[in-house]
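Just below is one structure, and these are the notes that go with it.
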Amino acid sequence: MSTSTLLQDAEQRMKKAVETLSHDLAKLRTGRAHPNFLDPVMVPYYGNDVPISQVASVSITDARTFTVTPWEKNMVAAIEKAIKLANLGLNPVTLGDHLRIPLPPLTEERRRDLTKVVRQEGEQARVAVRNIRRDANNQLKDALKAKTISEDEERRLQDAVQKLTDRFIEDMDKAVTQKESEVMSV
C-alpha cells in the first residue's frame with residue numbers, strides 16, 4: 001500500500017467514525033421531536049417486521065409531536081402496538097387514519113443519564129479513531145521494516161496521521177459538547 005493511499009484510507013475510516021457518531025447522537029432524545037427517533041420501531045407487515053418508515057410516513061407536527069400516517073389504513077393498530085412495544089416511553093393517540101405521538105418532557109435525572117450516554121458514544125468514537133491511527137502506524141512500521149520507506153518518511157507520515165487523528169477527535173468533541181448542551185437545555 002502506498003503512503004498516500006494509507007493516509008487516504010485512514011482519513012476515510014476516521015470520517016466514517018465521525019458520521020457514525022453523528023448518526024448515533026441523532027437517535028438520542030433531547031426533548032424535541034426528531035425524524036430518526038422512531039427508526040428503531042419495527043412493525044409487523046405481512047409476516048415480516050419492517051422499519052416504520054417502510055409502512056408509514058413520519059412527520060413532525062411541532063417541536064414535541066410526531067404524526068405517523070400509514071400508507072394502508074388497516075396498519076394504524078399494528079403501528080400503534082409496535083410503538084408501544086418499542087419501549088421508547090411514547091403513548092400514541094389514534095386519530096382515525098393516522099397517529100399523533102406527543103413526546104413527554106424529560107426529567108432532570110433523565111437528562112443527566114442522557115449526557116452520560118452521549119459521553120459514552122463520544123468515547124467509543126474516539127477509541128475507534130485511535131484504533132485507526134494505531135493500524136496506520138503499524139502499517140508504517142511494517143513498511144519501514146520492509147524498507148519501502150525511510151525513517152524520515154515514516155516519522156513525517158506518523159505526524160500526518162496524528163494530525164488527522166487530532167482533527168477528527170476535535171470534531172467529535174464538538175459534536176458531543178453540542179449534543180450535551182442540547183440534552184440539558186429545557
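The values are calculated or read from the model by the stated rules, or taken from the named source; none is laboratory data. Being a predicted model, the structure only gives us computed values, none of them experimental. Cβ placement follows ideal geometry from the backbone for every residue including glycine, while neighbour counts extend to all protein chains displayed.
A few notes on this one:
- When the stretch 158-186 is filtered for residues that are of a type in the set (S, T, N, Q) and part of a loop (DSSP other than H, G, I, E, B), only 185 remains.
- Residue in the stretch 149-157 that is assigned by TED's automatic domain parsing to the domain that holds residue 9 and not in a helix (DSSP H, G or I) present: yes
- Complete set of residues in the stretch 1-52 that are in a helix (DSSP H, G or I), modelled with pLDDT under 80 and out of contact with any helix residue (DSSP H, G or I) (no Cβ under 6 Å at 6 or more places or on another chain): 4, 35, 37
- Annotation: residue 100 fulfils all but one of (1) within 24 Å of residue 64 (Cα to Cα); (2) at pLDDT 95 or above; (3) basic (Lys, Arg); the unmet one is (2).
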